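Let me begin by presenting the structure, written as structure tokens, before commenting on it.
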Amino acid sequence: MTDIHDLLDPYQSDLTDAEIETLAVRAGQYRTQEHEHSEAIFPTSSYVFRSAAEAQATFSGNAQGNVYSRYTNPTVRTFEERLAAMEGGEACAATASGMAAILSVVLAHLKAGDHVLCSQSVFGSTINLFEKYLRKFGLDIDYVDPTDASAWKAKSRAETRLFFLESPSNPVMEVADIEALAAVAKEVGALLAIDNCFCTPAIQRPLSLGADLVVHSATKFIDGQGRCLGGAVVGSKELIDPVVGVLRTAGPTMSPFNAWVFTKGLETLSLRMKAHSENCTAVAEWLEQHPKVTKLNFCGLASHPQRALIDKQQSMSGGVLSFEVEGGKEAAWHVIDSTRMISITANLGDAKTTITHPATTTHGRITEDERLAAGISQGLIRVAVGLENPKDVIKDLARGLDSL
Ligand SMILES: *Cc1c(COP(=O)(O)O)cnc(C)c1O
């Protein structure tokens with residue numbers, strides 16, 4: 001059998017020292033004998049052999065080649081190599097969803113009796129995964145303020161094996177000092193995993209700041225148009241190989257079709273993140289001077305309490321902001337229900353602007369005290385600004401805000 005690697009186009013680009021925008025378009029592509037310009041898609045579950053002997057050689061690993069798409073698929077491999085190149089990682093494992101990526105990291109690297117330190121401001125399903133499903137297998141988990149590196153040190157113990165966090169945090173845009181946390185993780189012998197879904201490698205590359213693993217929900221900005229579910233884990237080959245082992249055995253792998261969509265998504269990622277950041281900045285500037293807005297959380301603000309850290313870690317401010325209005329839930333719901341274009345949904349990272357009320361949706365299941373500790377008041381509204389003209393987003397938000 002001919003391995004896809006043997007079909008490499010002789011004109012394959014030399015990507016030595018290439019910049020991220022170039023890697024986003026060129027990395028990981030294998031051309032077939034058809035010399036297609038755009039990446040091919042291989043929607044196949046299995047692969048054929050020319051003889052029983054070839055099948056045996058391939059199954060045993062003595063010959064290179066694809067066996068079954070739970071193990072390898074050329075379309076998925078292209079996505080993995082491209083994202084790895086963009087994150088500056090040696091290897092990548094693509095998964096069926098962002099949650100499958102987080103689960104696979106835990107299954108690959110932790111065991112009963114181990115201890116996890118997790119940011120108190122992470123995606124709701126991440127906390128659910130730890131509390132409802134992983135605790136019963138003997139993992140212990142503590143939750144920590146992502147902005148306080150000394151708290152991570154203080155809560156670490158001999159069994160601590162994983163630090164897990166998002167930066168910036170959702171929905172109040174607090175930023176964790178990744179370099180400082182990497183130093184603490186190293187000191188206590190834990191892996192540092194960063195969920196880089198809000199920034200993507202176009203804005204922030206955690207591996208270059210000392211993180212061991214980057215986790216993605218490709219469902220969000222990497223797709224960018226709300227079409228597919230997927231995820232990925234990026235890191236050194238040594239740390240990714242065990243994750244690949246979990247995927248091959250347990251099966252939450254990425255479908256070739258989704259991998260193809262994400263691969264094409266990566267090509268425009270830097271451009272889109274720039275547009276999301278610019279549009280979000282325009283909306284934030286309008287909100288900042290609006291008399292009914294009592295608080296604004298956005299990484300692009302000159303007044304952000306962690307301005308210097310953001311400038312060090314992030315090349316752009318990102319496409320998500322949140323703001324508070326006086327009048328609690330009633331006022332917030334009025335603003336949300338007055339929109340006529342913006343989509344009322346908790347999803348983000350889409351070309352379409354989305355709006356949500358965190359206290360009754362994404363953070364609806366935690367107690368009011370826990371919400372307030374996380375900065376989520378009843379008057380808080382989160383907006384993930386899309387690729388529409390920001391003037392129209394502002395006009396839509398003004399309907400409710402101006403009539404409060
Ligand atoms: C959506 C999301 C996830 C989960 O990803 P899925 O693809 O929905 O499984 C994880 N982390 C963050 C920050 C997210 O926004």
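The values are calculated or read from the model by the stated rules, or taken from the named source; none is laboratory data. Here the structure is a predicted model, which is why all the values come from computation and not from measurement. As a convention, Cβ positions derive from the backbone with ideal geometry for all residues, glycine included, and neighbour counts pool all protein chains shown.
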Q: Could you tell me which residue of the stretch 350-387 is nearest to residue 281 (Cα to Cα), considering only residues that are assigned to a loop (DSSP other than H, G, I, E, B) and touching a Ser or Thr at 6+ places or on another chain (Cβ under 6 Å)?
A: 385
Q. Using beta carbons and a limit of 6 Å, which pairs, at least six apart or on different chains, have the first residue in the stretch 208-221 and closer than 19 Å to residue 161 by Cα and assigned by TED's automatic domain parsing to the domain that holds residue 93 and the second one of a type in the set (S, T, N, Q) and not in a strand (DSSP E or B)?
A. 214/196
Q.
Pairs needed: first member in the stretch 65-92, without any contact (Cβ under 8 Å) to a residue 12 or more places away in the chain; second member anywhere, crowded, with 18+ Cβ neighbours inside 10 Å and in a loop (DSSP other than H, G, I, E, B); C-beta distance under 8 Å; at least 6 residues apart or different chains.
A. 72/66
Q. Touching a Phe, Trp or Tyr at 6+ places or on another chain (Cβ under 7 Å) and more than 16 Å from the ligand (Cβ to nearest atom): does that describe residue 248?
A. yes
Q.
Go through the stretch 176-205 and report how many residues are buried (at least 24 other Cβ atoms within 10 Å of the Cβ) and either outside the structural domain of residue 162 (by TED's automatic domain parsing) or free of Cβ contacts under 8 Å to residues at least 40 places away in the same chain (or both).
A. 4
Q) Since residue 389 meets every condition but one in (1) modelled with pLDDT of 95 or more; (2) in contact with a Lys or Arg (Cβ under 8 Å, 6 or more places away or on another chain), which condition does it not meet? A) (2)
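On the basis of being crowded, with 23+ Cβ neighbours inside 10 Å and in the same structural domain as residue 177 (by TED's automatic domain parsing), does residue 226 make the cut? Step through it out loud before you land on a result.
Numbers: crowded, with 23+ Cβ neighbours inside 10 Å: no; in the same structural domain as residue 177 (by TED's automatic domain parsing): yes.
When the stated conditions are applied, residue 226 does not pass them.
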Q. Looking at (1) within 16 Å of the ligand (Cβ to nearest atom); (2) closer than 16 Å to residue 102 by Cα; (3) of a type in the set (Asp, Glu), can you tell me which one residue 212 breaks?
A. (1)
Q. Tell me, which residue of the stretch 314-349 that is small (Gly, Ala, Ser) and within 16 Å of the ligand (Cβ to nearest atom) is farthest from the chain's Cα centre (by Cα)?
A. 343
